[in-house]
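Participant: Just dropping this structure here.
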Amino acid sequence: MRLNLLSIPVSRHADLGELEAAVVSCRQCPRLVAWRERVADEKRAAFRDETYWGRPIPGFGDPESRIVVLGLAPAAHGANRTGRVFTGDRSGDWLFRAMHRAGLANQATSVSADDGLRLVGAWVTAAVKCAPPANKPLPSERDACAPFLRREFELLADARVVVCLGGFGYDAACRHFGVRPRPKFGHGLEVALPDGPTLLCSFHPSQQNTFTGRLTEQMLDDVFSRAVELSRG
């Protein structure tokens, strides 16, 4: 188990452990199961000597977090390889550097599940728990994963801010919290929920966005600085 379980109630410890076990053992979506296992078997040449995780990816971080970071899905040769969300790919490099600068992570790198990374006051997860082909889950696959996300938010009862990475993460958060009408997604958008956390949006730190300059490190830093500010409100 990769949870930081210090100083939390025993019941929450048990519930998070049960959720993680349920996520990791899920085989509900045939297309996703076939793809994640095919990728784990064929591998990328750069990682040919590594054993891929090849299973669904549970959330990771501080169970008492006030900030939840919600992404799309695991990367085929990132989390699907390493077994930890946003770990082992360039999106994760950008994300955890920003979280480290914001004081939410003890280090700026995230390369393997046993690299010593710890999150403080933050939790990172994905709306879909398996790596999808072309990084595009089907609506049915999104809906099949929704109960996992619902339970995750129930257990992360201290959350005051949800940082939505990209439109998919924002859509998943809006679906979960029943946001209607739904403001149009945009970087820096804030949606304060009357009986819930504030949704704070960022462009996803994908290579498509970071290589083109659509998302800069300063833009991501600004989002996490605002998330920390809101979490203390």
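Participant: So which pairs qualify, if the first residue must be in region 131-157 and farther than 15 Å from GLY178 by Cα, the second must be loosely packed, with under 11 Cβ neighbours inside 10 Å, the Cβ gap must be under 9 Å, and the two must be at least 6 apart or on different chains?
Facilitator: Pairs that qualify, where the first residue is farther than 15 Å from GLY178 by Cα and the partner is loosely packed, with under 11 Cβ neighbours inside 10 Å: there are none.
Participant: Residues in region 114-142 that are over 20 Å from GLU64 (Cα atoms), touching a helix residue (DSSP H, G or I) at 6+ places or on another chain (Cβ under 8 Å) and surrounded by fewer than 23 Cβ atoms within 10 Å (Cβ to Cβ): how many?
Facilitator: Step one: of region 114-142, the residues over 20 Å from GLU64 (Cα atoms) are 114-115, 128-142.
Now restrict to residues that are touching a helix residue (DSSP H, G or I) at 6+ places or on another chain (Cβ under 8 Å): 128-133, 137-138, 141-142.
Pick out the ones that are also surrounded by fewer than 23 Cβ atoms within 10 Å (Cβ to Cβ) and you get 132-133, 138, 141-142.
So the count comes out to 5.
Participant: Select from region 1-50 the residues that are in a helix (DSSP H, G or I), within 26 Å of PRO137 (Cα to Cα) and of a type in the set (Gly, Ala, Ser) and write down the one among them that is modelled with the lowest pLDDT.
Facilitator: Our first condition is that a residue be in a helix (DSSP H, G or I); within region 1-50, this holds for 10-24, 30-42, 45-47.
Right, trim to within 26 Å of PRO137 (Cα to Cα) and you get 16-24, 30-42, 45-47.
After this cut, where a residue has to be of a type in the set (Gly, Ala, Ser) as well, the list is 17, 21-22, 34, 40, 45-46.
Details: GLY17: 86, ALA21: 95, ALA22: 96, ALA34: 98, ALA40: 98, ALA45: 96, ALA46: 95.
Ranking the qualifying residues of region 1-50, first place goes to GLY17.
Participant: Right, next: Can you tell me which of (1) in a loop (DSSP other than H, G, I, E, B); (2) hydrophobic (A, V, I, L, M, F, W, C); (3) out of contact with any Gly (no Cβ under 9 Å at 6 or more places or on another chain) is the one VAL85 doesn't meet?
Facilitator: The failed condition is (3).
Participant: Restricting attention to region 79-102, report how many residues are of a type outside the set (D, E, K, R), more than 19 Å from VAL128 (Cβ to Cβ) and touching a helix residue (DSSP H, G or I) at 6+ places or on another chain (Cβ under 7 Å). I'd like the intermediate steps shown before the answer.
Facilitator: To start, the set of residues in region 79-102 that are of a type outside the set (D, E, K, R) comprises 79-80, 82-83, 85-88, 91-92, 94-96, 98-100, 102.
Next, from what is left, pick out any that are more than 19 Å from VAL128 (Cβ to Cβ): 94, 96, 98-100, 102.
Filter again for touching a helix residue (DSSP H, G or I) at 6+ places or on another chain (Cβ under 7 Å), leaving 94, 98-99, 102.
Of the residues in region 79-102, 4 are of a type outside the set (D, E, K, R), more than 19 Å from VAL128 (Cβ to Cβ) and touching a helix residue (DSSP H, G or I) at 6+ places or on another chain (Cβ under 7 Å).
Participant: Continuing with the same structure: Can you tell which of GLY54, GLY116, GLY103, GLY92 is out of contact with any Leu (no Cβ under 8 Å at 6 or more places or on another chain) and not in a loop (DSSP other than H, G, I, E, B)?
Facilitator: After applying the criteria, what remains is GLY92.
Participant: Next up: Sort out for me the strands (runs of 3 or more DSSP E) sitting completely within region 120-230 that have 2 or more residues that are within 24 Å of VAL39 (Cβ to Cβ). Working first, answer last.
Facilitator: On the way: elements: 122-126, 161-165, 190-192, 198-202.
Strands (runs of 3 or more DSSP E) meeting the threshold: 122-126.
The values are calculated or read from the model by the stated rules, or taken from the named source; none is laboratory data. Predicted, not measured: the structure shown is a model, and the values here were computed from it. For neighbour counting, all protein chains shown are included, and Cβ atoms are generated from backbone atoms with ideal geometry for every residue, glycine included.
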